[in-house]
1. Considering only the other residues whose Cβ falls under 14 Å of the Cβ of A:GLU139, what net charge follows from Lys and Arg at +1 and Asp and Glu at -1?
2. Quantify how strongly other chains surround peptide A:192-202 by giving the mean number of their Cβ atoms within 10 Å of each of its Cβ atoms.
3. Suppose every K and R has +1 on its Cβ and every D and E has -1 on its Cβ; what is the size of the dipole of region A:202-360 about the Cα centre, in Debye to the nearest 20?
4. Using the Cα centre as the reference, give the magnitude of the dipole from point charges on the C-beta atoms of the protein assembly as shown (Lys, Arg: +1; Asp, Glu: -1; all else neutral), rounded to the nearest 20 debye.
5. For chain A, find the longest principal axis of its Cα atoms and tell me its angle to the long axis of helix A:381-399, 0 to 90°, nearest 10.
6. Keeping the other protein chains in place, figure out the carbon and sulfur percent of the accessible area of region B:2-146, with a 1.4 Å probe.
7. Give me the distance between the Cα centres of region A:158-186 and region B:72-137, rounded to whole Å.
8. Rank B:ILE83, B:MET13, B:ASN36 by how far each Cα sits towards the positive end of the charge dipole of region B:2-146 (+1 on Lys, Arg Cβ; -1 on Asp, Glu Cβ) and give me just the farthest.
Amino acid sequence: MNIKEDFPLLNNRAISYLDSSATTQKPKQVIEAVQKFYEQSNANPHRGAYELSVEATEIYEETRKKVADFIHAKQAEEIIFTKNASESLNLVAYSYGLENLRQDDEIVISIMEHHSNLVPWQYVSKKTGSQLNYMYINEEFEISEKEWKEKITNKTKIVGITHSSNVLGTINPIKEIIQYAHEKGAIVVVDVSQSIPHMKIDVQDLDADFLVFSGHKMLAPLGIGVLYGKKELLEKMSPFLMGGEMIEYVYEQETTFAPLPQKFEAGTQNVGAVVGLGAAINYLQTVGYDTIQSIEQEVVSYANEQLSKLDYITLYETPNGEHHSSVISFNIQGVHPHDVASILDSEGVCIRSGNHCAQPLMRYLGIDSTCRASFYLYNTKEDVDRLVKALEKAYKMFEKYIKK
Amino acid sequence: MSELDDFYNELIMEHSMNSYHKKQLGSCDFCEKGHNPNCGDEIELQVKLNGNVIEDMAFTGHGCAISQSSTSIMIETLKGKTIQEAKEIIQTFIEMIKREIKDEEKLEKLEDAIAFKNIANMPARVKCALLAWHTMEDLIQQAEKKE
């Protein structure tokens, strides 16, 4: 099986694409599904009484069912389509957080959260007078059991936690954290944006209250996100965005709202991207998570091995391989990540440099930014070799100027 | 891509890694902070004026080779100039980066800062090169307000 052949961009450009944590490339199966929708089935779902619109509606709702099955949700109406994980998190923060938190309640999140699972909670905490507390990492870049048991208290009402860090690659023990948070009476919002491209997610097994992800990080088009919420929670919540399609009856001064899931889907949705998300799920299921994991395991462990040999590189990752995903953050000592990324770019190697939307984490680590190489199913050992060769070039260019 | 290799040359590297302008002035009349939150580049410019002449200038901060060397080279270029001359040089630098200058002779007043001409070919790094110059623009504005 040659996976790379399925990805037109990777065949059209001679690059080593190592930025899948930012967004993945798209297989032709996804691109073609989106094109087919626009060529054959495009209409505004839930609106028209004509056949084409009914067909668009069916495609849209079938994909909702597909997503529900994919993450093992009990019912399709527990799946809300949004534009990305950030919107999903804002929805939870506004419609659940603002309405349920009181003064002196506590929100607990981890220091490794993406800004999207951090800034909305700052807002909620300021608006409601609740306290925002952080679970910090230890010297192994992990949140210890002691730490989350200390931070999640009887006062905690919401826990926000990423399944897998977009900077460190640390995989958090979310099932255990959720269970503990529930014992303390808190609900848990899990961000699986970085994990669902790589591993099976089962919302019932995890017992997650809310769970969010973006389609574009798992082979789907840009502009489609998912919010899963337990039905009993979603039903009690007020709408987030108001407008068309999320209503039942509208009077001059009053409105009643549509039932789930429409209550949370105001305005015409990105149906083309929803179709693409469905095709991405098909693709992931056809390849299978087992295969994806064995490819990544081989490539990422090879990368770790090769990068460890470069004594001028600092790696920011846990030594416990089973707690680490396919993201590797690193720095060339004395060289700014932006310079490294530019030099790597000139060698056709695409990596991310910067703070990765995680400024509090950077500050906690005492650094401004890192270089980040993130791997996915289409990457190979050759990509790693190119990365290493380009890093050697970058180091050589700077070597004689670096202050020792 | 040899263009990039050309760019990270001796001049840029020396200014970014071992700049003699990177220090605190004993006393200064104006200082201004600039930052690119995206990359974490942060600089602080310090200026000592003698009348309307920039008598001394220094910077502190941290960031990538392009932001740091651009700051250092800007200081090298602006030191000893009048505020009015400095404004013209800054304007020319910004126009050069935006590729708005056709007349190459105009670029002569930039002295060593002409080294950043090809940064326009690296759009991802334009912000790094401009940081110090925009910060200096703000500083001059502040100085002029005070007059």
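1. Around A:GLU139, the charge tally is -3.
2. Per residue, the number of nearby Cβ atoms from other chains is 0 on average.
3. So the dipole magnitude of region A:202-360 works out to roughly 220 debye.
4. Taking the Cα centre of the protein assembly as shown as origin, the dipole is about 380 debye.
5. Tilt of helix A:381-399: around 60 degrees.
6. 46
7. 49
8. Going by the charge dipole, the pick is B:ASN36.
The values are calculated or read from the model by the stated rules, or taken from the named source; none is laboratory data. As the structure is a computational prediction, the values presented were derived from the model and not from experiment. For neighbour counting, all protein chains shown are included, and Cβ atoms are generated from backbone atoms with ideal geometry for every residue, glycine included. Remember, those area values only see protein heavy atoms, side chains included, never the ligands or the DNA or RNA. Shrake-Rupley method; radii C 1.70, N 1.55, O 1.52, S 1.80 Å.
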